[in-house]
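Engineer: One structure coming up, written as structure tokens, with questions to follow.
What follows is calculated from the coordinates using simple rules that are stated; it is not laboratory data. As the structure is a prediction and not an experimental result, all values here were calculated from the model. Note that each Cβ is placed from the backbone with ideal geometry, even for glycine, and that neighbours are counted across all protein chains shown.
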Amino acid sequence: MNIIAIDIGNTNIGIGLFLDGKEESIQTIPGGADGELRECLAGAWEKIPILETSTEGKRSGAIVVSSVKPVWTDQVRQIVEEDLNEKIQVIGEDIPLPMLLWLDEPGKVGTDRVVAAAAAYAVVEDTVVVADLGTAVTIDLVDEHGVFQGGVIVPGFDISAQALKDYTAQLPKVTVHRPDGPYGRNTADAINCGLYYSIIGAMEEIIRRYAEQIGRWPQTVITGSGAETIKDDCPFIDNYVPHLVIRGIVLAYMKYVEEKSEMV
């Protein structure tokens, strides 16, 4: 099964190419970069083999999207139709979510959260927490039966850093990185330490409260653009998995195709 999996976030767009179900490449592009996006999609699509039965050069692949930003979904849809003469399939619209949700408003949850949670549960096959550190940080709980229970959402590094700059008179904007020590000897380092350790502390406290609720400490996976920055200071984390959302998109599509074939 050949798939281009597209993870449209609030800041970046991830594009993963999977040939025969195996990862070929994953690229991350700034959202809104039309030329770079067109080039990346075209290059990935050209690597998908042409159907042996096709007389028009139709390729044997699908383009599957999970998105939290509708305007970029429309941009990707337009590029795919204009440049590739294909259509995208959107999770939550064309493709059902890959797991049950125990939520008050299931239609409003970000599909990125659900597919990442499903990908983690598919490996763990038990209670699991998924923390995704992107523009926002989401920390979600899946129970032992594979049901998405919900989670928390807090500001990510960049949002917090920008807020400090915007709502104070003299604080600078910082790019968060792993600090040399627990406190800073200048303003920029103090902000960096504050933002860095506040996310780690929030994650540990939230997961501890999940553990109290369910009666045991759950397996915990982190992913997202900010995860690599903090992973070495999180002894309570079991696994760091880059691009977990993209892997979840592939899983959701494969599950959808399998269930359709069983109905025939």
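Engineer: In the chain, which whole DSSP H runs stretch at least 24 Å along their own axis (Cα) and average -1.0 or higher on the Kyte-Doolittle scale?
Structural biologist: On the way: long enough: 187-214 (40 Å, 0.22); 244-263 (29 Å, 0.41).
Long hydrophobic helices here: 187-214, 244-263.
Engineer: Given charges of +1 on the Cβ of Lys and Arg and -1 on the Cβ of Asp and Glu, with all other atoms neutral, how large is the dipole of the stretch 3-90 about its Cα centre, in debye to the nearest 20?
Structural biologist: Details: 8 positive and 15 negative charges, 41 e Å.
That gives a dipole near 200 debye.
Engineer: With r as the distance between the Cβ atoms of residue 145 and residue 258 and R0 = 22 Å, compute the FRET efficiency 1/(1 + (r/R0)^6) and round to 0.05. Write out the running numbers ahead of the final one.
Structural biologist: On the way: r = 20 Å, r/R0 = 0.90.
So, using R0 = 22 Å, E works out to roughly 0.65.
Engineer: Which of the peptides 66-79, 161-174, 106-119, 7-20 is most tightly packed, and how do the rest follow, judged by the mean count of other Cβ atoms within 10 Å per residue?
Structural biologist: Put in order of decreasing packing, that is 106-119, 7-20, 66-79, 161-174.
Engineer: Roughly what would the spin-label model give for residue 103 and residue 189, points 7 Å off Cα along C-beta, in nm?
Structural biologist: 4.2
Engineer: Checking the a/c ratio against 1.5 first, then a/b against b/c, what shape does the Cα gyration tensor give for the stretch 125-246?
Structural biologist: Because a/c hits 1.5 or more and a/b exceeds b/c, the stretch 125-246 counts as prolate.
Engineer: Just flag the GluC sites (Glu not before Pro) in the stretch 142-228 sitting in loop per DSSP whose Cβ has no more than 15 other Cβ atoms within 10 Å.
Structural biologist: Answer in residue order: 144.
Engineer: Okay, moving on. Give the value in nm², to one decimal: projected area of the alpha carbon convex hull of the stretch 3-90, averaged over all directions. Walk me through the numbers before you get to the answer.
Structural biologist: Numbers: hull surface 21.0 nm².
Averaged projected hull area, Cα only: 5.3 nm².
Engineer: Could you give the size of the charge dipole of the stretch 46-115 about its Cα centre, using +1 on the Cβ of each K and R and -1 on the Cβ of each D and E, expressed in debye and rounded to the nearest 20?
Structural biologist: Working: 8 positive and 13 negative charges, 38 e Å.
Approximately 180 debye in magnitude.
Engineer: Using θ = phi - 60° and the Karplus relation 6.51 cos²θ - 1.76 cosθ + 1.60, list the HN-Hα couplings for the stretch 5-10 in order, rounded to whole Hz, with x at every Gly or Pro.
Structural biologist: In residue order, the calculated couplings are 9, 10, 9, 9, x, 7 Hz.
Engineer: Please give the peptides 127-137, 48-58, 90-100 ranked by average Cβ packing (other Cβ atoms within 10 Å per residue), highest first, as a rough proxy for protection.
Structural biologist: 127-137, 90-100, 48-58
Engineer: Right, next: Find the lysine pairs in the chain meeting two conditions, Cα atoms under 14 Å apart and a separation of 8 or more places or different chains, and report how many there are.
Structural biologist: 5
Engineer: Moving to a separate point now. With the crude spin-label approximation of a point 7 Å out along Cα→Cβ, what separation in nm comes out for residue 83 versus residue 47?
Structural biologist: My value for the distance between the label points is 1.5 nm.
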